Amino acid sequence: MFSRESKYYEEKELMQMAKCLESAFATPPKPADSERLKFSQLPRLQYETPAEWPKSPPHFLLPDIAKFYSGLTEELLFFDFYFQEGSLAQIMAARTLKKRNWKFHKVYRIWFQRIGEASISNTEFERGNYRYWNYREWKEEVKYNFTFVISLMENVDLNGWPVC
């Protein structure tokens, strides 16, 4: 059933796979390979979709999406926010985080949540203990006696879109 030629090709393919594996083991991934890219993930050449194609998800699915996101852990919400840029997932994650009293800092690009009451609070800033999501270390950390300038808080109303 097997001719001598088919055995030769099989051995040749095995040798090629072995060379590929050796090459992969010789150059393992570096920590920098998992770092986030600095540029936008949007394609350079954007294609205009036809007008008859839907621009948003069907409205009958949106209440289910909101319910789904309300049940996610904060780590999953942060993942969607930081790695699903420009998508409905990012908007729903931000919306859910805001409902859970997280505030997004525009300069640091980090989500903060106050722990307890603020020691000082006025129209310009709040000072207190905050927990925040460190997206570089991918863990929650605490800043004690942190001053949160109100004007640096992202204040976009996410309740208008998508309508749930």
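Listing for the model above:
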quantity	calculated
In Å², nearest 10: area of Leu72 left accessible to a 1.4 Å probe	30 Å²
Inter-site label distance for Leu76 and Met153 at 7 Å from Cα along Cβ, in nm	2.8 nm
Qualifying trypsin sites (Lys or Arg not before Pro) in segment 95-135, DSSP loop, other Cβ atoms within 10 Å at most 16	Arg100, Lys106, Arg109
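The values are calculated or read from the model by the stated rules, or taken from the named source; none is laboratory data. From a predicted model like this one, the values you see are computed outputs, not experimental measurements. Cβ: placed from backbone, ideal geometry, glycine included. Neighbour counts: every protein chain shown. Surface areas here come from the heavy atoms of the whole protein model, side chains and all, with no ligands, DNA or RNA. Shrake-Rupley method; radii C 1.70, N 1.55, O 1.52, S 1.80 Å.
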